[in-house]
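The structure appears below as structure tokens.
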Amino acid sequence: MNQDRPAWLHGASAECDVLPKPPAVITRLVLLGPPGVGKGTQAALLHDRLGACHLSTGDVFRNAGSRPDGGQTPAIREALAYMRRGELVPDATVLETVRERRACLHCRGGFILDGFPRTVVQAESLQRLLDQERLQLTAVINYDLPEAAIVERLAGRRTCSQCKAVYHLTERPPELAGRCDLCQGALFQREDDEPESIRVRLETYKQSTAPLIDFYRKLNLLILVPASGTADEIYVRTMSALSVRPLRS
Ligand code: AP5
């Protein structure tokens, strides 16, 4: 299924194709979990099944960063410097980026937020934004995996430069080495998958993002899903956890 998301990646001036037929149930999810646990991979699978749009804040910044240098705003250049070091982009920049794209929260198929929120300040802002837009989250899924397995996943990750599809050198290799199966774009290794950036990202996750597990538990939205096994196994686990939850639209 098409994962282009122009309105999310490029901002409100870009338009997405309208889904010919909205899904029977609209699903609005937040995916939580450490870097490299497989959120993006699961978001793509969930998008295919649920028709909900994959809204990744990391993809927005990387997409803006792939423009020629002159086309980058000072805020984007600053955001990319934080990302290279493995640190979080400041809340103000992230929140502005999401607010500019608030129309995407009304996507006909719902949405899957991946990488946002990442701090308590961001989570509180998201709650306010959803209230203003009269929308409710269906659930927040927290993926969990031992750190050694996470480092292994990040070190082997390759991403499509065009459609952002995610592969792994050994676990999810493309059919043709270095080329995306979906659009034949060139695959690249993310700058923040260097060992020092990975260490900083894991530490930052523990300090700033892990507290969101409690935040969403208190809102009775949290679903815990072990992220060991193949992507398909985790996907089945996720769908089964969602199916026993009453869906709200
Ligand atoms: P972001 O792009 O959000 O990255 P992340 O959260 O660090 O997560 P990743 O994309 O690294 O991993 P993932 O969990 O999606 O795993 P994936 O599916 O790719 O953020 C990057 C940076 O942007 C941040 O560090 C920050 O600087 C900035 N940023 C973004 N949002 C922000 C915000 N809200 N606030 C502040 N700063 C923000 O899988 C990883 C690998 O494992 C892949 O190779 C995949 O093929 C493989 N894999 C997946 N599943 C499996 C499996 N089951 N078995 C084996 N291999 C698997």
Failed item, numbered, when Ile223 is tested on (1) assigned to a helix (DSSP H, G or I); (2) modelled with pLDDT of 95 or more: (1)
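In this structure, is Pro23 away from the ligand (no atom under 14 Å from the Cβ) and either modelled with pLDDT of 75 or more or under 18 Å from Thr97 (Cβ atoms) (or both)?
Values: away from the ligand (no atom under 14 Å from the Cβ): yes; either modelled with pLDDT of 75 or more or under 18 Å from Thr97 (Cβ atoms) (or both): yes.
So Pro23 passes the test.
Does the range 75-89 contain at least one residue that is touching a residue at least 60 places away in the same chain (Cβ under 8 Å) and under 15 Å from the mean Cα position of the chain (by Cα)?
Residues of the range 75-89 that are touching a residue at least 60 places away in the same chain (Cβ under 8 Å), as a first pass: 83-88.
The next check asks that each one be under 15 Å from the mean Cα position of the chain (by Cα); those that pass are 83, 88.
Checked against the condition, which is being touching a residue at least 60 places away in the same chain (Cβ under 8 Å) and under 15 Å from the mean Cα position of the chain (by Cα), the range 75-89 yields at least one hit.
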Condition check for Arg67: exposed (fewer than 14 other Cβ atoms within 10 Å of the Cβ) and out of contact with any Lys or Arg (no Cβ under 8 Å at 6 or more places or on another chain): yes
Those residues of the range 183-227 which are exposed (fewer than 14 other Cβ atoms within 10 Å of the Cβ), polar (S, T, N, Q) and over 17 Å from Glu87 (Cβ atoms), in sequence order: Gln184, Asn220
Residues located in the range 137-156, provided they are within 25 Å of Tyr216 (Cα to Cα) and among the β-branched types (Val, Ile, Thr): Thr138, Val140, Ile141, Ile150
Strands (runs of 3 or more DSSP E) wholly inside the range 75-192 that include at least 3 residues being more than 10 Å from the ligand (Cβ to nearest atom) and not basic (Lys, Arg): 110-114, 139-144
Ala52 being more than 10 Å from the ligand (Cβ to nearest atom) and closer than 20 Å to Ser240 by Cα: yes
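The values are calculated or read from the model by the stated rules, or taken from the named source; none is laboratory data. This is a predicted model, so every value here is computed, not measured. Please note: Cβ atoms are built from the backbone with ideal geometry, for glycine as well, and neighbour counts cover all protein chains shown.
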